[in-house]
1. Please identify the longest segment of the chain free of exposed trypsin sites (Lys or Arg not before Pro), where exposed means a DSSP state other than H, G, I, E or B and no more than 14 other Cβ atoms within 10 Å.
2. Would you work out the relative contact order for the stretch 1-157, in percent, from Cα pairs under 8 angstrom that are 6 or more residues apart?
3. Local charge sum around S131 (other residues, Cβ-Cβ under 13 Å, Lys/Arg +1, Asp/Glu -1)?
4. Give the accessible surface of the chain per residue, rounded to a whole number of Å², with probe radius 1.4 Å and ligands, DNA and RNA excluded.
5. Where does helix 140-166 land angle-wise versus the long Cα axis of the chain, in degrees 0 to 90, nearest 10?
6. Read through the labelled values [x] 28; [y] 76; [z] 47 and report the label of the one computed as percent of Cα pairs over 25 Å apart from the structure.
7. If amide hydrogens are placed 1.01 Å from N in the peptide plane, which non-local residues have theirs closer than 5 Å to the one on L101?
8. Using only Cα atoms and rounding to the nearest 10 degrees, what angle (0 to 90) does helix 2-27 make with the longest principal axis of the chain?
Amino acid sequence: MSEERGRLAAYWERRLERLDEIERKRALRLPTWRTRKRRRTLSVLVLTGNLILIIGAATFRSQPSTLFVVCWFGGCVVAGGAYYLLRILTGKMSGGFSLRLDEREREWRHRVTFISYQILVGLMMIAVLYSLIIADTEDGGVRGAMMACALLVTGTTLAGVILGWTLPDDDPEDFDEVSPA
């Protein structure tokens with residue numbers, strides 16, 4: 001039993017070392033973008049892409065129109081690309097283990113996660129109501145599923161958006177410790 005625990009502990013130590021290495025590499029990406037202004041711009045882009053995605057879901061019909069295709073895929077590209085960059089800029093707070101965060105970062109992430117969870121629950125209630133309203137229309141089930149998908153994507157990106165909007169500028173001294181090892 002203790003041998004198994006030892007192997008498990010060694011596995012997690014290797015895993016955490018690998019995550020630290022990945023974080024060091026990520027911390028060196030986009031150094032001139034690590035400002036509140038850039039993060040806020042990306043947060044707005046993510047929300048805009050999500051809104052376009054929701055509009056695409058609302059315009060879905062049995063024969064997808066050009067408007068739907070442009071909105072759906074355009075929203076995915078805008079929101080997805082901006083969210084990818086935003087995750088880089090928010091660093092370990094948006095995707096790291098809680099053990100790797102200091103107390104302030106852990107509290108901030110928990111607060112943001114709770115807020116985004118509450119909003120996600122509200123968005124899912126909207127998806128259910130939308131599905132009930134359009135249930136008797138042509139392709140009501142598919143249209144409801146498309147809206148639920150768009151609202152779910154929106155809800156899952158909210159924690160990163162809130163972090164990107166609220167985090168202060170990074171301290172340049174934090175990057176002196178990070179070397180391109």
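The values are calculated or read from the model by the stated rules, or taken from the named source; none is laboratory data. Source: prediction; values computed, not measured. With ideal geometry, Cβ positions are generated from the backbone for all residues, glycine too; neighbour counts draw on all protein chains shown. Ligands, DNA and RNA are stripped out before the accessible areas are found, and what is left, the full protein with its side chains, is counted by its heavy atoms. Shrake-Rupley method; radii C 1.70, N 1.55, O 1.52, S 1.80 Å.
1. Result, exposed sites excluded: 62-181.
2. 24 percent
3. Value of the local net charge: -1.
4. On a per-residue basis, the chain sits at 63 Å².
5. Computed tilt is about 30 degrees.
6. Entry [z].
7. For L101, whose amide H was placed from the backbone, there are no distant partners under 5 Å.
8. 80 degrees
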